[in-house]
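S.K.: Before we start, here is the structure in question, set down as C-alpha cells.
Bear in mind that the values in this text are calculations on the coordinates, not laboratory data. As the structure is a computational prediction, the values presented were derived from the model and not from experiment. Note that we place each Cβ from the backbone using ideal geometry, even for glycine, and neighbour counts take in every protein chain shown.
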Amino acid sequence: MFARLVILVALGAALAAAPAEAEYADVVLNNRSEKEGVRAVIFSHWFHRIRFRCKVCHDELGFKMRAGANDVRMVDISNGKFCGMCHNGQIAWGAERCDLCHSGRSGLKSRIHGGHETLGPGRW
Amino acid sequence: MRATSKWLSGSSFRIVFDAVFHKEFVGLKSDKRLRWRTWVLVAALALVAQAPIAAEWVRQWLPLAKDGIHDPKSPALEVLQDPAAALSRLPADRVGNQVNWVAALEQGVINPRTNILPETKVRILDTDILLNLHGGTPIVRFPHRQHTLWLDCSNCHEHLFQSKAGANKFSMERILQGEQCGVCHGAVSFPLTACARCHNTPRNKPLPAAAVRGS
C-alpha cells in the first residue's frame, strides 16, 4: 500500500509536468470560416517567423496585431492581399489548397492561443 | 551525475515494477520489507527529481494532432510540420515556444526574410531607452536593436508609443491586459512572467551612459 502510494505520487508529478496546450502564439481565425462551412484557420506564428520577420506581415501585408481584428476574406487572398501575398502557389501553397489552412477543430473562437498569455479587455 | 541518475532511473523502474506486483514483498521478513520500502522511496524520489538532474531542461512540444486546436481528422496533419521538428533545432528558452528567437536570429540559425516588396526600406535602430526611472521595480532598458530586427518602426510608433523620449506613460496594468508592450509580450514574444528580462537594470548603480532616458 505504502509503495503504491509513493509510486502514484511519483507518476502524478511526472505527468503534471507535461504541456497540454496549443503552441504559444497560435492564432485561430474563425470570424467567417465555420459560418461559411469550412474549418477555422489555424495560423502558427512559430512556423512563419522562422521564414519571415514580424514586419513582413504586420507592416508590408497590413495585418493588425490583434487576433480577430483582421477582416480577411478569401477574395482578398485570391487577389494577392493578406495571406495571398505569399500563399499564391509561388512562395507558399496556393489558396486552392483549402484544407491546409482551414484545419481547426469545430467551435473555436478567433483568438490567440498558447500558455502564458495575458487576458483582459485589451485583447480581442 | 548524469550516469548516476541514468542508473537510478533504469533500476528504479524494475524496483517499482516489482513493488507494484508484490514480487519481492511476499514471504520476506519485516526488516527486509523495510529495506525494500526505503529503496522504493528512493526510486520514486529519483523519478520525480529526474528531469532537473538528468538535463538542464527537457523541451517538449505537442504534435499538431494533440494540440487541442487542430482537427485530428484534418488532411492538413499529413502535410504540416510538427513544432518539435523545427523548434528543437533552435536556441532554447524556458518560456513561450521554448525558443530564444532573438538568439536564433543573432546566431544565424534562422534568417527570416525582412521584406517581400523590393521597395520596402528595412529599418534598424540601435538606441537603448531607459524606462520606469521613477518606479520601485528595477529600471527597464529597452533595446531598439533587437526589436527592429523583427519589427518595423510603424508597428509601435506612433499609435502605441510616441517617439519622443519621456513622452510615454507606461502601466503594468495596461501591459498585462494586452496593451502597450503587452500587444506582443504575453501573446507572441516572451511572456510577462519573465519580469527580469525587461526590468533588467539595477536602480542603485550608475545608469548605462549610452542609453537614452525615457519616462
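S.K.: Taking the stretch B:71-114 on its own, what percent of its Cα-Cα pair distances exceed 11 Å?
M.R.: Within the stretch B:71-114, distances greater than 11 Å cover 71 percent of Cα pairs.
S.K.: Rounded to the nearest whole Å³, what is the per residue volume of the convex hull around the Cα atoms of the stretch B:128-213?
M.R.: About 98 Å³ per residue, rounded to a whole number.
S.K.: How charged is the neighbourhood of B:Val212? Take every other residue with its Cβ under 12 Å from the Cβ of B:Val212, and add Lys/Arg as +1 and Asp/Glu as -1.
M.R.: Taking every Cβ under 12 Å from that of B:Val212, the sum is +1.
S.K.: Using only the alpha carbon atoms of the stretch A:22-112, find the Kirkwood hydrodynamic radius as the inverse mean reciprocal pair distance, in angstroms to one decimal.
M.R.: Taking the inverse mean of 1/r over all distinct Cα pairs, the stretch A:22-112 comes out at 13.4 Å.
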